Amino acid sequence: MYKMEKKIPTPVETLVKAYKIGLEFGLKYIYIGNVHKGEYENTFCPKCNKMVVERNWAENRLRNLMKNKKCANCGEKIAGIY
């Protein structure tokens with residue numbers, strides 16, 4: 001971080017644009033980290049689009065969003081290490 005202090009942070013609009021491009025190209029589990037940007041912070045099921053990982057800054061919550069690495073809503077397998 002100390003070497004980056006003179007660098008301008010990537011604009012949030014650029015991160016949102018990259019997020020949307022990723023979705024268009026079929027990426028399933030993408031999110032924007034290190035910024036408070038609501039819907040873009042979380043991970044959604046690729047089948048039913050329900051939230052499976054809720055993030056609030058550095059805190060991640062799985063709560064009842066997944067069961068046995070599957071979406072609690074539709075049963076779709078959710079890739080990842082939990």
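The values are calculated or read from the model by the stated rules, or taken from the named source; none is laboratory data. Everything numeric here is computed off the predicted structure, so don't read it as measured data. All Cβ positions, glycine included, derive from the backbone under ideal geometry; neighbour counts span all protein chains shown. These area figures cover heavy atoms from the full protein model, side chains too; ligands, DNA and RNA do not enter into them. Shrake-Rupley method; radii C 1.70, N 1.55, O 1.52, S 1.80 Å.
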Open item on the list: Please give me, ordered by residue number, the GluC sites (Glu not before Pro) of segment 1-53 that lie in loop per DSSP and have at most 15 other Cβ atoms within 10 Å.
Closed with: GLU5
Open item on the list: Just want to confirm a number: the relative contact order over the chain, from Cα pairs under 8 angstrom separated by 6+ residues, in percent.
Closed with: 16
Task: Rounded to 10°, Cα long-axis angle of helix 12-24 versus longest principal axis of the chain - done: 40
Task: Heavy-atom surface of the chain, accessible at 1.4 Å and reported per residue (Å²) - done: 81
Task: Carbon and sulfur %, accessible surface of segment 21-75 computed with the full protein complex present, 1.4 Å - done: 46
